[in-house]
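Inspection log for the structure reproduced underneath, given as structure tokens.
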Amino acid sequence: MQKLLKTFLALGFLMLSYTVIYAQDSTQAFGFVKFQYAYFLPSGDFEDRFENANSIGGELGLKTFGNWQLSVSGAYLFSNRVRVNNLLSDVINSSGDAIDSDGELVKLTYELRGQSYFLKVGRVFNEFLSPNPNSGILLTAGAGYFQHKIKIDFRDGTVFQLSEDRLKGYDRLTTGIAFQQFVGYQFYGRSNLLNFYAGFEFIQAFTKNRREYNYDSRSFDTGNKSDYLAGFRFGWVIPFRKRRSEEFYYY
């Protein structure tokens, strides 16, 4: 994780200090930042625990004169569609509520919480659907880190069986390496504010349950898992470039 944070900081410094130089073929080199949202459908072991998931995040990167891109991305996954099954059957009543230390009913909520980080490389192919040489079909691939868990929450009361330490036996904290692919379209306009991209993203994560022992099943969970996500991602892009439209050719 420390190496990943250092990479983020290094790319951020390069992006902010990068001076744009214009080539005669009218492609540009510049740093960029992306703000993005994705909606994923799960499969594999991830589907056994969660349904559809949302993702919001950001990306820092550099685009070259040859339309190659190198970037680092980070995203936060969330959803309230969790397959709890009999996760807390030894704690809750038939209505799904727990009882606090005062004998009052406590309503529980279950949510997905996760995060991902990727180092990506990609290229813009401006031979198709390209209003300018810096826009076109975008393909990227990356490798990184993937994490998810079940967040069990309750607003009021104190439930002894669900203290902070004991929750770790139920939350299924799962982490591992992951790979990412994206295919879509990226557009850069004349304005630094009118730039976007959209397309389909795929994630394959190879993970393990880091808690190892599950309280509900009273068993060890040490096997390898395969988590798959496929969905649609779109975002807003801010390029860091000098505005010299007379040297930025359109056709």
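Rule-based calculations on the coordinates, nothing more; no lab input. Values in this document were obtained by computation on a predicted structure and should not be read as measured data. In this analysis, Cβ positions are derived from the backbone assuming ideal geometry, glycine residues included, and neighbour counts consider all displayed protein chains.
Taking Cα atoms only, the orientation of helix 2-17 departs from the longest principal axis of the chain by about 30 degrees.
The count of lysine pairs in the chain with alpha-carbon distances below 12 Å, taking only pairs 8 or more places apart or on different chains, stands at 5.
Our coupling estimate for the range 59-66, obtained by passing each phi through the Karplus curve with A = 6.51, B = -1.76, C = 1.60 and θ = phi - 60°, is 8, 10, x, 10, 10, 9, 4, x Hz, Gly and Pro reported as x.
Comparing mean-square fluctuations of SER55, SER89, SER163 from a GNM of the chain with C-alpha springs under 10 Å, the top value falls on SER163. At 10 °C and 1.306 mPa s, grab the translational diffusion coefficient of the range 50-196 from Stokes-Einstein with a Kirkwood Rh over Cα pairs, rounded to a whole number in µm² per second. D, rounded to a whole number, is 86 µm²/s.
The LEU70 and GLU127 beta-carbon pair, evaluated with R₀ = 22 Å, returns a calculated FRET efficiency of approximately 0.55. Only helices enter this figure: runs of n ≥ 4 DSSP H residues, each worth -39500 (n - 2.57), summed and divided by the residues of the chain, yield -2500 deg cm²/dmol at 222 nm to the nearest 500.
Convex hull volume of the C-alpha atoms in the chain, normalised per residue: 135 Å³. What the Cβ-Cβ distance of LEU139 and TYR213 gives, at R0 = 35 Å and to the nearest 0.05, is a FRET efficiency of 0.25. Spatially, the range 50-101 and the range 175-201 are offset by 20 Å when compared through their Cα centroids.
Under the convention that each Lys and Arg Cβ holds +1 and each Asp and Glu Cβ holds -1, the size of the dipole of the chain around its Cα centre is about 1020 debye.
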